[in-house]
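K.L.:
Here it is, the structure, as structure tokens.
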Amino acid sequence: MAVNEKKQTGGTESRKADREIALDIIMDVMERGEFSHILLRKTFEHHGYLEKSSRKFITRLTEGTIEKAITLDYILNRYSKIRVDKMKPLIRNILRMSLYQLKYMSGIPESAVCNEAVKITRKRGFQNLSGFVNGVLRNILRTPEQAVIPDGESETSVSGLSAAYSMPEWLVIHFLDSYGMDITRNILKGILEAAEDTWTTVRVNTSKIGLEQAEKLLIQEGVEVQRTLLTRDALRIRGYDMLDKLLVFRQGMIQVQNLSSILAGQTAGVRPGNLCIDVCAAPGGKTLHLADLLRGTGSVISRDISEKKCSLIRENMKRAGFRNIKVQVWNALNFDESAAESADLVIADVPCSGLGVMAEKPDIKYRLRPEQLQELAELSQKILNHAVKYIRNGGILLFSTCTLNPRENTEIRQWLIKEHGLVPEDIRPMLSEELLCMGNNRMTAADGYLQLLPSAEMDGFFISRFRKTEKVQNNGY
């Protein structure tokens, strides 16, 4: 992997090597609790000189090291006399990313990995530990048979599953308690498969362009395109450099959106002329989907808690060119009397633990605390108490989350039925036969909901549709 060490044009600051850039991101995520996807975006904006090959290498190394940190620590502890959690933060992360290259990235000379690790260790002021770093890595190369991890397919212990799938033990226990062994293993396996998937899902704004035409234009721009049988309005793409260089993206014909999120908008059942309120909308994927389905009629009131979040919605809205969206800064915990019983459709994709999107945001599993699962469920109920009151009699609530926690999903669904009198609506007519054939989706869809598990093609996601048939009472939240 070539490393660019030239100086920036017009400045004196040396360009950082790719591995150093990756290390900085890994340190910020693993030691300071920052968000990997945000850091990667800001990093590439700051280091504008990076070529496509460098961006690809840095992304793979940072995301892979963060995703597999628990597995990497399991292996390192078999080679080092000092446990990983007792090492200096910089040293453990240099070892983590070096081991990730040796074990999971092909085509990189082993000598280059070791030499660069030692070089960075010295450059960052740990000359006295460069021998330790070199020794651990050389030991791994000499005795690779010790670098084995438990077989996830046959493993049944919590510690073994944790090491095999790089998942904190408390979350393994949580999944086992919620779903049992077989589904837990599928969840853990699905998260890793999704993390390794190289495709990006985009939703086609069909009010602007047909699916086949969008596919044709993407291919003309040199993009590899794949259709999906799970929804009618999405394509999977790869082989492009930067998304904003694609004409179809710049002109608002496509929107990056996970398949699970697309299905949420699809099951909402919006009709032309509807008034819709999206109460927790940023960055705006579902808002844009509703605006697209409205075909220029009706309107979407798109809200989130801060101007920063709303600016993301406006940015996407401007690019897509939709004029039937009104973006508002509004805290969903505050009731808006002026919106009472006004909406034909309310979408409440409430704040959640994010257990279903750990593939694209692996830092979640290191930041999340067990007590937050209950706290977030209570927060959701407070938001939903207001959201229900915005729906006119006969209107629809689409409640969704990107988590796999039953306390935040099925238990809240039951609470909405019991406390608010909402009536679940059959969503089978809105879903593809291929999706209905997966797991027990047909049965739950008949009862108005889906619990989607993470896989290479989609995030873990919960979707539930209700109709409001009577006046909602205030339950004290």
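K.L.:
Over 25 Å between Cα atoms, which of 123/365; 81/103; 16/309 qualify?
P.N.:
123/365; 16/309, as the Cα separations exceed 25 Å there.
K.L.:
Set the Förster distance to 22 Å, then compute FRET efficiency between residue 434 and residue 183 from the Cβ-Cβ distance, nearest 0.05.
P.N.:
For residue 434 and residue 183, the calculated efficiency is 0.65.
K.L.:
How much accessible area per residue does the chain have, in Å², with a 1.4 Å probe?
P.N.:
Counting only protein heavy atoms, the per-residue value for the chain is 44 Å².
K.L.:
Same structure again: Taking the Cα-to-Cβ direction at residue 78 and at residue 324 and moving 7 Å from each Cα, how far apart do the two end points lie in nm?
P.N.:
5.8 nm
K.L.:
Which residues in segment 316-344 place their backbone N less than 17 Å from a point set 7 Å from the Cα of residue 295 along the Cα-to-Cβ direction?
P.N.:
323-324
K.L.:
Say the dipole of segment 170-226 comes from +1 at the beta carbon of Lys and Arg and -1 at that of Asp and Glu; which of 192, 210, 226 then lies farthest toward its positive end?
P.N.:
Highest projection toward the positive end goes to 210.
K.L.:
Okay, moving on. Can you pull out the trypsin sites (Lys or Arg not before Pro) in segment 383-477 whose DSSP state is coil and whose Cβ has at most 15 other Cβ atoms within 10 Å?
P.N.:
Sites meeting the loop and neighbour criteria: 471.
K.L.:
Eigenvalues of the Cα gyration tensor times 5, then square-rooted: what semi-axes does that give for the chain, in whole angstrom, largest first?
P.N.:
Value: 42, 27, 20 Å, ordered largest first.
K.L.:
Counting alpha carbon pairs within less than 8 Å and at least 6 residues apart, what relative contact order, in whole percent, applies to segment 240-350?
P.N.:
30 percent
K.L.:
For residue 45, tell me the accessible area in Å² from a 1.4 Å probe, rounded to the nearest 10.
P.N.:
The value for residue 45 is about 130 Å².
K.L.:
What percent do you get for the relative contact order of segment 190-287 when only Cα pairs under 8 Å and 6+ apart count?
P.N.:
29 percent
K.L.:
Excluding residue 279 itself, what net charge comes from residues whose Cβ is under 9 Å from its Cβ, given Lys and Arg +1 and Asp and Glu -1?
P.N.:
-2
K.L.:
Let me ask another. Would you kindly state how much longer the chain becomes between residue 334 and residue 127 on full extension, computed as 0.36 nm times their sequence separation minus their alpha carbon distance, in nm to one decimal?
P.N.:
Result for the pair: 69.0 nm of gain on full extension.
K.L.:
OK, next. To the nearest 10 square angstrom, how much accessible area does residue 126 have with a 1.4 angstrom probe?
P.N.:
Roughly 50 Å² of residue 126 is accessible to a 1.4 Å probe.
K.L.:
Further question: If I take R0 = 25 Å and measure r between the Cβ atoms of residue 371 and residue 443 in this structure, what FRET efficiency does the formula 1/(1 + (r/R0)^6) give, to the nearest 0.05?
P.N.:
The computed FRET efficiency comes out at 0.15.
K.L.:
A follow-up question, please. Using alpha carbons only, how many degrees (0 to 90, rounded to 10) separate the axis of helix 18-32 from the longest principal axis of the chain?
P.N.:
60 degrees
K.L.:
Measure nothing but the geometry: give the 0 to 90° angle between the long axis through the Cα atoms of 370-389 and the longest principal axis through the Cα atoms of the chain, rounded to 10°.
P.N.:
30 degrees
K.L.:
Let me check something: with ligands and nucleic acids excluded, how do 399, 335 order by accessible area (1.4 Å probe), largest to smallest?
P.N.:
So the residues, ranked largest to smallest area, are 335, 399.
K.L.:
Within 12 Å, Cβ to Cβ, of residue 222, how many net charges do the neighbouring residues add up to if Lys/Arg are +1 and Asp/Glu are -1?
P.N.:
In short, -1.
K.L.:
Considering only 108, 401, 146, whose Cα is most displaced toward the positive end of the charge dipole of the chain, charges sitting on Cβ of Lys, Arg (+1) and Asp, Glu (-1)?
P.N.:
Result: 108.
K.L.:
A further question follows. Below 14 angstrom from the Cβ of residue 364, what's the summed charge of the other residues (Lys, Arg +1; Asp, Glu -1)?
P.N.:
Neighbourhood net charge equals -3.
K.L.:
Label residue 342 and residue 112 with points 7 Å out from Cα along Cα→Cβ: what is the distance between them in nm?
P.N.:
5.9 nm
K.L.:
So, one more: Treating only the Cβ atoms of Lys and Arg (+1) and Asp and Glu (-1) as charged, compute the dipole magnitude of the chain about its Cα centre; round to the nearest 20 debye.
P.N.:
1320 debye
K.L.:
Further, regarding this structure: Please report how far the C-alpha centroid of segment 147-193 lies from that of segment 264-282, rounded to the nearest whole angstrom.
P.N.:
Distance between centres, Cα-based: 36 Å.
K.L.:
How do the peptides 28-35, 362-369 rank, highest first, by the average count of neighbouring beta carbon atoms within 10 Å per residue?
P.N.:
362-369, 28-35
K.L.:
Another question about this same structure. Over segment 207-362, what portion of Cα pair distances is larger than 20 Å, expressed as a whole percent?
P.N.:
Considering segment 207-362, 53 percent of its Cα-Cα pairs are separated by more than 20 Å.
K.L.:
Residue 220 to residue 145: extension gain in nm, 0.36 nm per residue of separation minus the Cα-Cα distance?
P.N.:
Working it through step by step, the gained length comes to 22.3 nm.
K.L.:
Shifting gears a bit: Quick one: work out Rg over Rh on the C-alpha atoms of segment 192-246, Rh as Kirkwood radius.
P.N.:
0.97
K.L.:
How much length, in nm to one decimal, is gained on full extension between residue 105 and residue 305, taken as 0.36 nm per residue of separation minus their Cα-Cα distance?
P.N.:
Extra length from residue 105 to residue 305 when fully extended: 68.0 nm.
K.L.:
Which percent of the accessible heavy-atom area of the chain goes to carbon and sulfur, probe 1.4 angstrom?
P.N.:
Within the chain, the accessible surface is 49 percent carbon and sulfur.
K.L.:
Expressed as a rounded percentage, what relative contact order does the chain have, with Cα pairs under 8 Å and six or more residues apart?
P.N.:
Relative contact order for the chain comes out at 13 percent.
K.L.:
If you don't mind, another one. Counting each DSSP H run of 4 or more residues in the chain as -39500 (n - 2.57), what helix-only mean residue ellipticity at 222 nm follows after dividing by all residues, to the nearest 500 deg cm²/dmol?
P.N.:
-14000 deg cm²/dmol
The values are calculated or read from the model by the stated rules, or taken from the named source; none is laboratory data. All values derive from a computational prediction rather than experimental measurement. Note: ideal-geometry Cβ built from the backbone for every residue, glycine included; neighbour counts use all protein chains shown. Heads up: the accessible areas ignore ligands, DNA and RNA and are worked out on the full protein's heavy atoms, side chains in. Shrake-Rupley method; radii C 1.70, N 1.55, O 1.52, S 1.80 Å.
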